[in-house]
Structures are given as C-alpha cells and as structure tokens.
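To start, the structure itself, in structure tokens.
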Amino acid sequence: MRIAIASDHAAFDLKANLREYLIEQGHEVADLGPETADRVDYPDFGYKLASVVADGTAEYGVALCGSGIGISIAVNRDPACRCALISEPLSAALAREHNDANVIAMGARLTGEDMAKACLDAFFSTEFGGGRHSGRVEKLSNPTF
C-alpha cells in the first residue's frame, strides 16, 4: 500500500517509529513531516496529508498529533478524506469496515507505540464492508445540508 504519514511536533517520535514499522510491513511510506521536533501547527500537516490522499498519491494516511483531535479535524476538511480518530484496534477495524476510512488519526500523548501499531494492523487488514454502509459513506463526501 501507498501510505502517507504526517504529524505535529508532539507526535514526531511516534511518527518516526510508525513510519519504520509500516516500511517493515512492506508498505511504501511517504513522510510528509515535520522533519524535526520543533514546534509546528498541526493543521498545516493535516492539510498536506489530506491533499495527497485526496489526489490518490497515497491510498491511505496516518495522521498524528498530541491528542489526534486537531489533526483529524484538519484532515476531515477535505471531503475526499474520511479520517477516524481511534485509540484501540476495534475502532480501527470498524472505521475501515463501516466508514471506509482512508485516514487513521491517533494521539501520541494518549496512545502508546505498541497500541498504535496494533491499531495500524487492524486498520490496514480490514476491508470496507460495503452493503448497507455504502450509502452512508457516500453522504460523507457529498453532504446535503
């Protein structure tokens, strides 16, 4: 799989570890930054990640910040992205199966490295269930307010 990964400064170390883990699993990984642990603004990296998932450069994204909340909000500004903030494997699997999530978000201050790896495994090994979920997912990208 082609996976893009991005973080803010709070999740810099977790991003580096998860990037290496994904590469070890055989995935092609694009690290969108940041390149150092110096303070940055998570929306900048969330938008960058969203753009490469939306244009198909990456099939999936991994978005990380201190809590996972801010960067997931930034990614979800793009209607082509369905970013799920998760903290354990069941939610990761359900995000794929029910919501066809194409980006997973986690918080480095809330989710340890081993749990984050377990979440990635669940996310990337689960297929979208389709069926009754398809119409709902379509509405996520085409809202009718």
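The table that follows gives values for the structure above.
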{"item": "Residues of the range 81-92 that turn out to be over 12 Å from the mean Cα position of the chain (by Cα) and either within 18 Å of V29 (Cα to Cα) or surrounded by 20 or more Cβ atoms within 10 Å (Cβ to Cβ) (or both), as a count", "result": "0"}
{"item": "In the range 104-145, the residues that are in contact with a Pro (Cβ under 6 Å, 6 or more places away or on another chain) and under 11 Å from L18 (Cβ atoms)", "result": "C119"}
{"item": "Which listed residue, of I3, I23, is β-branched (V, I, T) and either in contact with a helix residue (DSSP H, G or I) (Cβ under 9 Å, 6 or more places away or on another chain) or within 15 Å of A105 (Cα to Cα) (or both)", "result": "I3"}
{"item": "Among (1) touching a strand residue (DSSP E or B) at 6+ places or on another chain (Cβ under 9 Å); (2) within 17 Å of R19 (Cα to Cα), the one test that C83 misses", "result": "(2)"}
{"item": "Residue among D38, D44, D78, D55 that is among the charged types (D, E, K, R) and buried (at least 19 other Cβ atoms within 10 Å of the Cβ)", "result": "D78"}
{"item": "Qualifying positions in the range 34-49 - more than 10 Å from H9 (Cβ to Cβ) and either charged (D, E, K, R) or more than 14 Å from the chain's Cα centre (by Cα) (or both)", "result": "E35, D44, K48"}
{"item": "Within the range 1-48, considering residues that are among the acidic types (D, E) and assigned to a strand (DSSP E or B), the one nearest to A122 (Cα to Cα)", "result": "E28"}
{"item": "Cβ-Cβ under 7 Å pairs, at least 6 apart or on other chains, the range 103-132 side at pLDDT below 95 and surrounded by fewer than 22 Cβ atoms within 10 Å (Cβ to Cβ), far side in a helix (DSSP H, G or I) and not hydroxyl-bearing (S, T, Y)", "result": "G129/E97; G129/H98"}
{"item": "Members of the range 102-135 found to be touching a strand residue (DSSP E or B) at 6+ places or on another chain (Cβ under 8 Å) and farther than 15 Å from I71 by Cα, listed by number", "result": "A116, C119, L120, F123, F124"}
{"item": "Scope the range 73-104; condition touching a Ser or Thr at 6+ places or on another chain (Cβ under 9 Å) and not hydrophobic (A, V, I, L, M, F, W, C); matching residues", "result": "D78, P79, R82, S87, E88, R96, E97, D100"}
{"item": "Qualifying residue in the range 65-73 (condition: crowded, with 24+ Cβ neighbours inside 10 Å, touching a residue at least 60 places away in the same chain (Cβ under 8 Å) and farther than 24 Å from G26 by Cα)", "result": "yes"}
{"item": "Output for the range 18-29, where each listed residue is in contact (Cβ under 8 Å) with a residue 24 or more places away in the chain, crowded, with 16+ Cβ neighbours inside 10 Å and not aromatic (F, W, Y)", "result": "L18, L22, H27, V29"}
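The values are calculated or read from the model by the stated rules, or taken from the named source; none is laboratory data. Keep in mind the model is a prediction, meaning the values are calculated, not measured. Don't worry about glycine lacking a Cβ; one is built from the backbone with ideal geometry, like all the others, and counts go over all protein chains shown.
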